[in-house]
Every structure is written in C-alpha cells, then in structure tokens.
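Right, one structure below, let's go through it.
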Number of protein chains: 2
Amino acid sequence: MDELDRLISPGAATALVRSKVSLLPAESVPLAELAGRVLAESVVSEDDLPPFPASTMDGYAVRAADGEVDRRLVGDRFAGKMDELTVGPGEAAYITTGAPLPAGADTVVKVELTEETGGVVRLQGSPGDRKNIREPGHDLRKGEEVAAAGTLLTPAAIGLLAAAGRTTALVGRRPRVSILSTGDELVEPGERPGPGQIRDSNRFALLAALNGLNADVRYAGLAPDNADRQRAFLTDRLADSDVLITSGGVSMGRKDLMKQLLPEIATVHFRQVSMRPGKPITFATGGDGAMIFGLPGNPVSSLVGFELFVRPTLLALQGAAWPERPRLLVRLSHDVQPVQRTDYVRAIIRREPDGWSATATGDQGSSRLASLAAANALLVLPPENTPYKAGDLVDAMLI
Amino acid sequence: MDELDRLISPGAATALVRSKVSLLPAESVPLAELAGRVLAESVVSEDDLPPFPASTMDGYAVRAADGEVDRRLVGDRFAGKMDELTVGPGEAAYITTGAPLPAGADTVVKVELTEETGGVVRLQGSPGDRKNIREPGHDLRKGEEVAAAGTLLTPAAIGLLAAAGRTTALVGRRPRVSILSTGDELVEPGERPGPGQIRDSNRFALLAALNGLNADVRYAGLAPDNADRQRAFLTDRLADSDVLITSGGVSMGRKDLMKQLLPEIATVHFRQVSMRPGKPITFATGGDGAMIFGLPGNPVSSLVGFELFVRPTLLALQGAAWPERPRLLVRLSHDVQPVQRTDYVRAIIRREPDGWSATATGDQGSSRLASLAAANALLVLPPENTPYKAGDLVDAMLI
C-alpha cells in the first residue's frame, strides 16, 4: 500500500494542515467593512477615553464637601459642550449623561434624587465623593491595546477601533477560493438527471459553507471525469487560489481521478483520515503555497471534511488562531454502535433540566444530507470496542 | 410618571417586540445566494434520490445466491453510466461508488475483499444479501419535504435544495435597515474630538452586528441633537425602512430628543427595560409597520440591546422562529453583587474538566466596550436579594 494511503487520526490530520498555513498578506479595509475580518496589526489607543471626567447620569454636578444643603443652580452642561462653566461652593450645574464635569464640581447627584425649584436644587441627603463620574481613561487608557493582531473583529472590537479613531484597519487578505465538483454522474441542479445521473449538490453546499469566512470565490464549477480537463483545471486554479476545494474522485475506484492527478501537480500530505464520514480526504499543497482539499463526493462527507479542515484553515490563513467550534458534554439518549474510526454523528442536542441530551438524526449514511440538515451538533465518538450506551456522556461540537 | 416609563422585564419586552413582527414578503433568490436566508416555502422532493439502486463502494456487483465461488468478470459500471450490462449467475461487474447496480446483480463486494486476475474475481468468503447498496429514495423520498418554510438555510439544507433540482427558492425579503447615532458630543472616527467630544462608535458596532443577518442597510449616519433635523430624519427613514435603529437620546436628560420625538411619529410600546446594561431602550412601531429600536448611547448598552431585541427581530421578520442564542449552565468563579434588574454580565466562559467556569471581564461600566470585546458570553443574572457566590451555577448566553 502507498504510504499516503496510511490512515491518520483526525488530530494528526489537523496538525498537518495547520503546519502548512502561511499567513496571507495584510490589506487595509474601511471601518464599515471590517465585520468578521481578522486584525493584522496591534491597535493602541492614542488618548484616554473619555478624555475628560464625564457624568454617567443625568443630574446635578456639585461639590461633595458642601453636604446636604440646597444648591444654587448656575448653569447647564450638556454632552458635547465644554464651556467656562464653574461650580463654586454651594452651587450646582445641571448635567447630562456623557457631559464633561464642570470645573469645581467633584460629584454628580442623579436627577431622580433631586428637586429643582426656582433656581434652587434640593438633594435627598448628602452626596457621596466622586459619584457617577466616568474618569478619564475609564473606557480606554492612552497606550492601552485596543485590539491585538489575530483578533476576529466582532461588533464590540469594531466599536473600539472607531472609538480609538481608526477609519481603516489592516486585516488578513480574503483567501481566494476555487471549488470544483467532479464526477460523470453529476448534472446541474436545473437539469433533469439522465439514467444513472444525479444533481450536483456539493458545490452549492460548499459555497454556502464559505459564507461568513471572507472567502473571495474565484471559481465554482463542475467537471466530468476527464483527466486532461481536470489536470488543466487544477493547474489553472492553483495559479489563482489560496485554497482549492474539490469534491469527488478521491476514493478507491478506477475513475477516482483526483487521487491520481493531485500527486502530479502538488505535494500530497495525506489521503485517508480515520473518521466517519469523510475517510477519503486528500490534503495537498501546490502552486505558490496553495492549500488543496480533495473532499469526498458524498455530500455529508464533503461538508464534515470542510467543517473539520477547510473552515479553520480559511480563518487561520487570515491570521486567526485555529478556530475550534464550542464543544459540550452531552448525554446520549440511545445506544450508538462504535466504528473503527472517529465517528462524527449528526445529532440534535437539547437542553434538559439535568444537562444536554443528544439524539442522532436517523440513518447516518454519508450521502444522506438530511441527517446533517436536521442536526445542530456533531457528536465526536472515538473508536471503542464496546458500544456507546444510552446515558453515556460524550463530546458534541456545535455546528 | 408616564405609563411608558414603567419598567418591564426583559421577557415581557421580548414578548412585546415579537408580537409586533409581521413577516416580510417573500422573494425568489438564486441557489448560490441562499446561505443564511430564511426559506418561505415548503420544498418537496419530486423524485426518489437516488433514483436507482447505487453502489456505496468501489468493488464488484454480483449475485449473492452464487455464494463463495469465483466470478467471471463481464464488464464495468461507472458512476453516471447506465448501459445494457447484466450480471448473470456466476458473473461479476466492476462497479464504482455511486454507480447504478447492473441488472441481475443484487449485492456489492468491496474491492478490498476481492482479487481480480485474468477476468476472474475471487471473493473472501460469501457475499451478504444486498450489501453496500444505496436503495432508491434512501437520501430523499419522492414527496418527502426537503425543507420546511421557516428553515434557516444552512449549507446542508442548500445542498438538499440543489439535490432536489431547485435553482432558486422563495425566502423572506432582506429587511431594510436604517441606523442613526445621535448626540452633540459625537464626531466621526476620522475627526479629532474637540473639547467635551468623543468619537461615534455605536454606528460602526451596530453595522458590524448586522453582518450575517441579511440586512439591507439603507442608511447609517450621525446627527446632532437638533429636534427638527432628527424629526425629519425619522420621518424620511420610516418610509424606507423595515427596522430603524437609533442610539442615544433615550434617557432621562433634557436633551434626550429621541425620547421626545418618537411618540410624535410612532407608537411607543416601552421605554424602560429592567436590565443592566441597557435600561433605557425604547421600542416603537410606525410608518407602514416599521419596527423602531431606540437604543441607549452607551456602547455596551446599545450592543446588548441589539443582541436581545434587534437581532432576533431581523431574523423573525424573514420568517425564522424567534432565534435564541444557545445557553449553558456555568459556574461563577467569583462573587457577583446582584442589582435590581436582570444583569447581563460580560464574561469569559471556559470549559474545565468538571463543567464550564465563568469570569466577568473586569469593570462592567456600560461605556466600557472592552468588557464586551473580551467576552464570549453574557451571564444572565436575575435580580436577587443576596449576592451571587463563587461556585453558583448560572445561565450564560453564548455570543
């Protein structure tokens, strides 16, 4: 047997894929388009935020040392204004949330605890020291890191970049991706399959799976099992892609062209992963550092292979830490027969009063997409000699 | 006190918002652009899939009743081909994964369990009945529902639509959204704040939060505290939006214009939610059924309000069931002082050998976006009279 056909574990396969990731170059992107991108620089605040002591309440700015006595109203201080207003002993200024504390004042009494009549402000009790004041640098200190390189830019992180005055940021370039479905049996979804044919679903499922990963899709097509055409396609796509995804043609059959062609044009790293579904997955690198994933033709296998290897790769290429899906410990609601490989069982997990329960989504055939469409998790069941029993606690990946 | 200023619980507020959702009209969208959209029709398979008995392995199609005897090779059957090939008694045909079973054959022996020499196929033992065959309708049965109205279209669901021959699908129209940041203290991120000013971060954080929700953003801008201008803006935007999001101007201050203006042009349903952060949240409806969310100006409050009320609304408008974030039971790693409202504590949750632990992300001031940027969950702490203690189990929303 070819050394490349040696079965490797999903963990070893993941480590191999990770080791081949080279960061894509950074590009500058406008603030309004940064959602979901991966920061490629460290952003530091150049100022204290807020730059002034600000009120956190609508109320009255006073001097605490004056105690409980009524104050004489000397003016208003609204957010966005910075005037000459000063609060002296026995005085108060009306102040709104976010407005700078007037000179002289050192505490704010919220409006609900006051009563203002004819220019006199009465307080309920004595005000505390420096109450309801947001001190300079409370939100961000000058020199503080706003976001580190490698940060996946969430709404809050993007808000911080805006607050720090950034109108653009350097982020990892969008990975260029090409997708090819292969197989003589495939026709386009709009065509009526002839005898022995089925419609191509993988290309559309994989395109959808790219959603939200910042992929720059350069090509998505369908090719019959013709070695010359597929070789030409692969060469052409390698020159224009950071990630090349094929489905079909990687198994043991005589017409499994991808398996034959990839070694001609790229360096193959593995071809068999000890997992179900998705055992025949080819991973190769070629061209100018392109990552090539030869996924199986069965629709569930192809999407599970994408989930385990391609999705994390796309984010890692942009500079993110290898992203793992959240995992939960769940209780099996029925027995599961183990297999000789790590079994990724499509399941519905539900929160019960005493924890999470998991139920497989029916027949787990690797062509039965409905088993994946109905699932909200993949149970991760390592090979075992004895059956998994109802009540066993197992790991579930949220998908 | 105005009846509208009555505090209502987050649950009652959610129910009120949900009750005002009217489904947007459906639109037809091409298969390649359906990711993340919400299906507005029931899609039924018009055929069995596969339409023929297919091999699930590369191997040999034979008759089981022949037992262990050597078979005479009579041909090949590749995927995508349907020829006259027939397998008679004592005969075998080479077959690849996905290829239709030849007439006469009733079982498939996988290639690893065979040896072919000079047109003779030797089997390891007797083949079982109908082994390695995917029966017609295994993946989808004729008349079976492929996906129901209201399905959020995942990659697997889109693969199923393709397999069923759909090139388009009816989905809920993208909600038209307008966003306005308000406040005299705000300047654009590219500007240097003058005395008493800060940069607008909410608009960019909210824009980013819309990512992945199929929002059709019609407008995103910044307005000073000028009643005429804001009124004109609101009227204009209501005519062109399904969802209108403002931030700022909803609190107790004298310049809180949104609070004053919204009742003039819309029906206000609530103005105060018993939550922290984000108590002053206004929800109103106006125009031709537009949903209006007056979020607070503090950046954390505005994003938490978006998360609880606006995000689910946007998906529900497209026809999805009211989407809840997954929740986990987590163990507090420190005490937390309760407040009089439901406290949404920004926290980092980690999986430990004995379950999940939760640690708050430092100062929980509602202006301190860093507390949210660092978080992967919001702890949901209802009001209590006694402190939450380290070790207590509490609910965490994954964000």
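Taking B:R141 in one copy and the same position in all the others, each labelled 7 Å out along Cα→Cβ, what are the pairwise distances from the first, in nm, shortest first?
When each copy's label point is compared with this one, the spacings are 6.7 nm.
At a 10 angstrom cut-off on C-beta neighbours, averaged per residue, how do the peptides A:192-203, A:21-32, B:82-93 rank from highest to lowest? Intermediate results must be reported in sequence, preceding the final value.
Values: A:192-203: 21.0, A:21-32: 15.6, B:82-93: 17.3.
Answer by packing, highest mean first, reads A:192-203, B:82-93, A:21-32.
As a test question: what accessible area, to the nearest 10 Å², does A:K142 have when a 1.4 Å probe is rolled over all protein chains in place?
140 Å²
Going by a 1.4 Å probe on protein heavy atoms, which residues of the stretch B:355-372 end up with at least 50 Å² less accessible surface in the whole assembly than in their chain alone?
For the stretch B:355-372, once contacts with the other chains are taken into account, B:S367, B:L369 lose 50 Å² or more.
Please report which chain B residue places its beta carbon nearest the axis carrying chain B onto chain A, with the distance rounded to a whole angstrom.
B:G212, 3
Output the DSSP H helices from chain B with an along-axis C-alpha extent of no less than 18 Å and a mean Kyte-Doolittle hydropathy no less than 0.0.
none
With contacts defined as alpha carbon pairs under 8 Å and 6 or more residues apart, what's the relative contact order of chain A in percent?
Values: 936 pairs, mean separation 65.0, N = 399.
Relative contact order comes out at 16 percent.
At 20 °C and a viscosity of 1.002 mPa s, what translational diffusion coefficient does Stokes-Einstein give for the stretch B:1-40, taking Rh as the Kirkwood radius over Cα pairs? Give it in µm²/s as a whole number.
Values: Rh = 13.6 Å.
The Stokes-Einstein estimate is 157 µm²/s.
Residue by residue, what Karplus-based ³J(HN,Hα) values in Hz, rounded to whole numbers, does the stretch A:135-150 have, using 6.51, -1.76 and 1.60 with θ = phi - 60° and x for Gly and Pro?
6, x, x, 4, 7, 8, 8, 3, x, 6, 6, 7, 7, 8, 4, x
Please list B:T107, B:T117 in order of solvent-accessible area, largest first, computed with a 1.4 Å probe with all protein chains present.
Sorted by accessible area, descending: B:T117, B:T107.
Quick one: putting +1 on the C-beta of Lys and Arg, -1 on the C-beta of Asp and Glu, what dipole do you get for the protein assembly as shown around its Cα centre, in Debye to the nearest 20? Present the calculation step by step, with values, prior to reporting the outcome.
Details: 86 positive and 100 negative charges, 50 e Å.
It works out to roughly 240 debye.
Can you tell which of B:A61, B:T114, B:F204 lies farthest toward the positive end of the dipole of chain B, using +1 and -1 charges on the Cβ of basic and acidic side chains (Lys, Arg; Asp, Glu)?
Toward the positive end, the furthest listed residue is B:F204.
Give me, ordered by chain and number, the residues 5 or more places off A:Y388 or on other chains with an amide H under 5 Å from its own placed amide H.
Those qualifying (amide H under 5 Å, at least 5 residues apart or on another chain) are A:V336.
Amide H of A:L222 versus every other amide H placed in the peptide plane: which residues, excluding those fewer than 5 positions away on the same chain, fall under 5 Å?
Amide H to amide H, under 5 Å and 5 or more residues apart or across chains, A:L222 pairs with A:S181.
Using the Cα centre of the stretch B:209-349 as the reference point, and only Cβ charges (+1 on K/R, -1 on D/E), how large is the resulting charge dipole? Debye, rounded to the nearest 20. Walk me through the numbers on the way to the answer.
Numbers: 16 positive and 13 negative charges, 102 e Å.
My answer is approximately 500 debye.
How many nm separate the modelled label positions at A:N226 and B:I348, each set 7 Å beyond the Cα in the direction of the Cβ?
Roughly 5.6 nm, to one decimal.
Report, for B:E188, each distance to the same residue's label point in the other copies, shortest first and in nm; define the point 7 Å along Cα→Cβ.
Nearest to farthest, the other copies are at 4.4 nm.
What net charge is computed for the residues neighbouring A:E324, neighbours being all others with C-beta under 12 Å from the C-beta of A:E324, Lys and Arg scored +1, Asp and Glu -1? Please list the in-between numbers first.
On the way: positive: A:R18, A:R311, A:R325, A:R327, B:R351; negative: A:E307, A:D395.
Combined, the nearby Lys, Arg, Asp and Glu give +3.
Hey, can you grab everything whose amide H is under 5 Å from the amide H of A:D47? Only 5+ residues off in sequence or another chain; H modelled, so Pro and N-termini drop out.
So A:D47 has HN proximity to A:G143.
Between A:D240 and A:S19, what FRET efficiency follows from the Cβ-Cβ distance if R0 is 25 Å, with the result rounded to 0.05?
Efficiency computed from Cβ-Cβ geometry: 0.55.
Within chain A, how many lysine pairs that are 8 or more places apart, or on different chains, have C-alpha atoms less than 29 Å apart?
12
Leaving ligands, DNA and RNA out of it, report the carbon-plus-sulfur percent of the accessible area of the stretch A:339-399 at a 1.4 Å probe.
51 percent
Filter the trypsin sites (Lys or Arg not before Pro) in the stretch A:233-265 down to the DSSP loop ones having no more than 14 other Cβ atoms within 10 Å, then list what survives.
A:R254
At 7 angstrom along the Cα-to-beta-carbon line, where would the label on B:D354 sit relative to the other copies? Give the distances in nm, shortest first.
Label-point separations across copies, in nm and ascending: 1.9.
Give a residue-ordered list of calculated ³J(HN,Hα) values for the stretch A:307-314 (Karplus: 6.51 cos²θ - 1.76 cosθ + 1.60, θ = phi - 60°; whole Hz; x for Gly, Pro).
4, 6, 10, 7, 4, x, 4, 4
Can you compute the helix-only [θ] at 222 nm over chain B? Use -39500 (n - 2.57) per DSSP H run of at least 4 residues, normalise by all residues, nearest 500 deg cm²/dmol.
After summing the helix terms and dividing by residue count, I get -4500 deg cm²/dmol.
Given the protein chains as shown and a 1.4 Å probe, how many square angstrom of A:T154 are accessible, to the nearest 10?
About 60 Å², rounded to the nearest 10.
The values are calculated or read from the model by the stated rules, or taken from the named source; none is laboratory data. The structure presented is a predicted model; accordingly, all values stated were derived computationally and were not measured. Cβ coordinates were reconstructed from backbone atoms using ideal geometry, including for glycine residues, and neighbour counts include every protein chain displayed. Areas reflect the complete protein model, heavy atoms only, side chains present, ligands, DNA and RNA absent. Shrake-Rupley method; radii C 1.70, N 1.55, O 1.52, S 1.80 Å.
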